[in-house]
Structure formats: structure tokens, C-alpha cells
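The values are calculated or read from the model by the stated rules, or taken from the named source; none is laboratory data. The shown structure was predicted, so the numbers you read here are calculated from the model rather than taken from an experiment. Note: ideal-geometry Cβ built from the backbone for every residue, glycine included; neighbour counts use all protein chains shown. The protein model used for the area step is the full one, side chains on, heavy atoms only, and it has no ligands, DNA or RNA in it. Shrake-Rupley method; radii C 1.70, N 1.55, O 1.52, S 1.80 Å.
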Amino acid sequence: GLELSHCVGANSLGPTGPWRSGGPCKMKRVRTVFKPEQLERLEQEFLKQQYMVGTERVDLAATLHLTETQVKVWFQNRRIKWRKQSMEQKAAKLSQFGVIRPATADSTDIKDHDEDTVDVEL
């Protein structure tokens, strides 16, 4: 679930959000820790489909006692991990056959996907 730690700065300014207090003290959100049973079910659903939307996401969230946002963000992060693994496998196959891709292309692809990572869980 969502937990807030103690104040991390007395005069912090910035937009308020679900992980910060509305006062002058900025609250730091503690990362959500999924139970093994939740992760197993999320992985099973991911194997069936990489995108979970609408009532399916609402139902899965309710079944796992998570928020819809937590399920949405988990799927977003899992897709990024899946893309990175696919790129690494392709690179390994290419190097196995002596085909070398420019390092800049790989690092650019990975950088672009890192920017897509969303790590805000409610």
C-alpha cells in the first residue's frame, strides 16, 4: 500500500501530489512491495497480454487488493523490462553470428525506454 515516510526537507517547494504533504514539508513515498502471490498473478496476466485496460484492470486490481494505478504502473514497468530483455536477446544473437551493431544504437534505444519508465505507485 501507500506509505509516507517522515519529512525529508523543511523548506521544500514543488507541486503537491499523493506522495507529498500539502505543507512546507515534503513527504517521500515508500516504494510499494508486492506480495509473491500478487507478482505471480501479475506475471501470469502479462504472459497472456502485455496491455491491461478497462474493466480487466479494475477487476485484477480488486482481486489482488491493489489500486488500479498500481496495476497500471506495474504493467508499464513490466513492458519496459520486456523490451529491454528482447533487445538484449537480439544483440546476443547478432554477436553470436558475428554481426556487430553500433553501440550508439543500442544505448540510444535503451535510453529512450528508460525515459518511459514510470515508478509512481499509489
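I'm checking my understanding of the structure. Among residues of region 2-51 that are polar (S, T, N, Q) and modelled with pLDDT under 70, which one is farthest from R79 (Cα to Cα)? Don't jump to the end; show me each part of the working.
Of all residues in region 2-51, those polar (S, T, N, Q) come to 5, 11-12, 16, 21, 32, 38, 44, 49-50.
Then keep just the ones that are modelled with pLDDT under 70; that gives 5, 11-12, 16, 21.
Working: S5: 29, N11: 37, S12: 33, T16: 28, S21: 31 Å.
Filtering region 2-51 for residues that are polar (S, T, N, Q) and modelled with pLDDT under 70, the one farthest from R79 (Cα to Cα) comes out as N11.
With the structure loaded, tell me whether T69 is modelled with pLDDT under 55 and either in contact with an Asp or Glu (Cβ under 6 Å, 6 or more places away or on another chain) or in a helix (DSSP H, G or I) (or both) or whether it fails that test. Give the steps one after another, and end with the answer.
Values: modelled with pLDDT under 55: no; either in contact with an Asp or Glu (Cβ under 6 Å, 6 or more places away or on another chain) or in a helix (DSSP H, G or I) (or both): yes.
So T69 fails the test.
Considering region 66-89, the residues that are open to solvent by 70 Å² or more (accessible area, probe 1.4 Å) and of a type in the set (S, T, N, Q) include one that is nearest to T32 (Cα to Cα), namely Q85. If a residue must be in a helix (DSSP H, G or I), touching a residue at least 24 places away in the same chain (Cβ under 8 Å) and open to solvent by 40 Å² or more (accessible area, probe 1.4 Å), how many such residues does region 44-65 contain? Count: 0.
If you take the residues in region 100-117 that are assigned to a loop (DSSP other than H, G, I, E, B) and open to solvent by 70 Å² or more (accessible area, probe 1.4 Å), which one is modelled with the highest pLDDT? The residue in question is I100.
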